[in-house]
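What follows is a short report on a single structure.
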Amino acid sequence: METVDMRQCCFDLQRRNISRFNVRNVPQTKGLGEQKLRSLDPIDQWWFEKLVEGQFVSKDSFGVAPWGTIQKNIVYEDFADSMRQGRRTHIPHSSELGQTPTQADAPGANIDVRQTINGSQVHHYAFPP
C-alpha cells in the first residue's frame, strides 16, 4: 500500500467504534458446525450419528433396530462395527459407551432398563420417540 492509503486506513480504524465488539461472539456457520462435529471424540461422533439416523444396525433383528428400547448388546455391537469400519485400533469397552448418554444429553431417556427375556434379565437403553 502506498503511504496515503495507509494513512486513510489508520484514520478509519482509529475512529471506528468497537466498544460493543465481542471477540467471543463467533458467528454460528455451517463450517463451524462441521468443525465441531469433526472434533468430537469417536464415542460422541457415533452417538451423534445414531441420533441423526434414529436406528441401530443389528445382526439379530434383520439388519436394523429402530429407535426406542434397545438391548445394550445391540447398541455396543453397532458401535464396535462402526469403529472397525473406521479402522480404529482401539475400541472402547461397552462400559465407556454407556457413560456417554445421560439424562442431560437425552431428556426422557432411561439409560438402564432391565427387561426379562426368556426368563433372564437383559439390560436395555430406552430412548424417547
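The values are calculated or read from the model by the stated rules, or taken from the named source; none is laboratory data. Model, not experiment: these values are computed from the prediction. Note that each Cβ is placed from the backbone with ideal geometry, even for glycine, and that neighbours are counted across all protein chains shown.
Looking only at the range 15-46, how many residues end up being assigned to a loop (DSSP other than H, G, I, E, B) and either more than 24 Å from HIS90 (Cβ to Cβ) or aliphatic (A, V, I, L, M) (or both)?
Result for the range 15-46: 15.
For the structure I just gave you, tell me whether TRP67 is at pLDDT 80 or above and aromatic (Phe, Trp, Tyr).
Spelling it out, it is not the case that TRP67 is at pLDDT 80 or above and aromatic (Phe, Trp, Tyr).
Spot the failing condition for PHE11; the list is (1) more than 23 Å from the chain's Cα centre (by Cα); (2) at pLDDT below 80, and only one is missed.
Going through (1) more than 23 Å from the chain's Cα centre (by Cα); (2) at pLDDT below 80 one by one, PHE11 breaks only (2).
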